[in-house]
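First comes the structure, then the notes that go with it.
The values are calculated or read from the model by the stated rules, or taken from the named source; none is laboratory data. Here the structure is a predicted model, which means the values were calculated and not measured. Neighbour counts run over all protein chains shown; Cβ positions are idealised from the backbone, glycine included.
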Amino acid sequence: MFHRLRLREVAWAPLLLALGLTALGVLFVISATFDPDQRYHLGREARLQLAWCLVALVSCLVCSHISLLSWKRLAMPAYFVTWGLLLGMMVLAGTALLPSIKGQHNWIALGPLRLQPSEFMKLAVVLLQLDALYRRGAASGEGYASLGWIGEALLVHAREAAHGRAR
């Protein structure tokens with residue numbers, strides 16, 4: 001499942017561009033939330049942004065050590081698990097597990113952590129699409145018929161939007 005990442009295999013240009021844009025965004029948040037009364041003059045939002053950047057960096061490092069074959073094998077199970085999660089959210093809306101936050105019921109509350117499963121669907125659809133393109137042969141053009149998977153995710157999002165639950 002895990003493999004050793006070789007530095008020459010890293011696509012440095014997109015990685016450095018993403019890191020630069022992230023740093024720029026964090027600087028904008030720090031600038032917008034400057035608070036001289038707080039430690040290091042960082043407002044609450046800036047501290048949260050920095051914490052999430054750290055979580056994202058660690059996640060990126062972990063994900064980069066997972067082999068492509070493992071990601072390929074995870075594509076279909078991740079897709080169906082995410083579908084089940086989204087359907088379960090529709091059933092459990094308004095319960096203690098899915099409280100109303102600003103009139104929305106699309107967040108799973110796990111203590112102080114709040115997750116939005118529709119974000120996982122985006123990743124699951126990308127993984128599934130890449131797997132389908134790989135299996136069917138993108139070079140021959142046959143893989144593009146698998147774009148229907150994205151349509152299914154859009155239907156769920158449209159249903160949530162119709163019920164006032166989408167962002």
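Only one of (1) hydrophobic (A, V, I, L, M, F, W, C); (2) modelled with pLDDT under 80; (3) more than 17 Å from the chain's Cα centre (by Cα) fails for residue 107. Which number is that?
Residue 107 satisfies every listed condition except (3).
Taking the stretch 78-98 as the search range and keeping residues that are closer than 23 Å to residue 52 by Cα and modelled with pLDDT under 85, which one is surrounded by the most Cβ atoms within 10 Å (Cβ to Cβ)?
Ranking the qualifying residues of the stretch 78-98, first place goes to 98.
Working only within the stretch 33-59, note down all residues that are more than 24 Å from residue 113 (Cα to Cα) and either in the same structural domain as residue 113 (by TED's automatic domain parsing) or modelled with pLDDT of 85 or more (or both).
Once the filter is applied, which keeps residues that are more than 24 Å from residue 113 (Cα to Cα) and either in the same structural domain as residue 113 (by TED's automatic domain parsing) or modelled with pLDDT of 85 or more (or both), the stretch 33-59 yields nothing.
If you take the residues in the stretch 1-19 that are surrounded by 12 or more Cβ atoms within 10 Å (Cβ to Cβ) and assigned to a helix (DSSP H, G or I), which one is nearest to the chain's Cα centre (by Cα)?
Of everything passing the filter in the stretch 1-19, 18 is nearest to the chain's Cα centre (by Cα).
Of all residues in the stretch 58-77 being loosely packed, with under 12 Cβ neighbours inside 10 Å and among the aliphatic types (A, V, I, L, M), which is farthest from the chain's Cα centre (by Cα)?
69
Consider residue 101 against the criteria (1) modelled with pLDDT of 80 or more; (2) of a type in the set (A, V, I, L, M); (3) under 30 Å from residue 27 (Cβ atoms); (4) not assigned by TED's automatic domain parsing to the domain that holds residue 29: it satisfies all of them except one. Which criterion is unmet?
(1)
Here's a check for you: in the stretch 20-34, which residue that is among the hydroxyl-bearing types (Ser, Thr, Tyr) and over 17 Å from residue 56 (Cβ atoms) is surrounded by the most Cβ atoms within 10 Å (Cβ to Cβ)?
33
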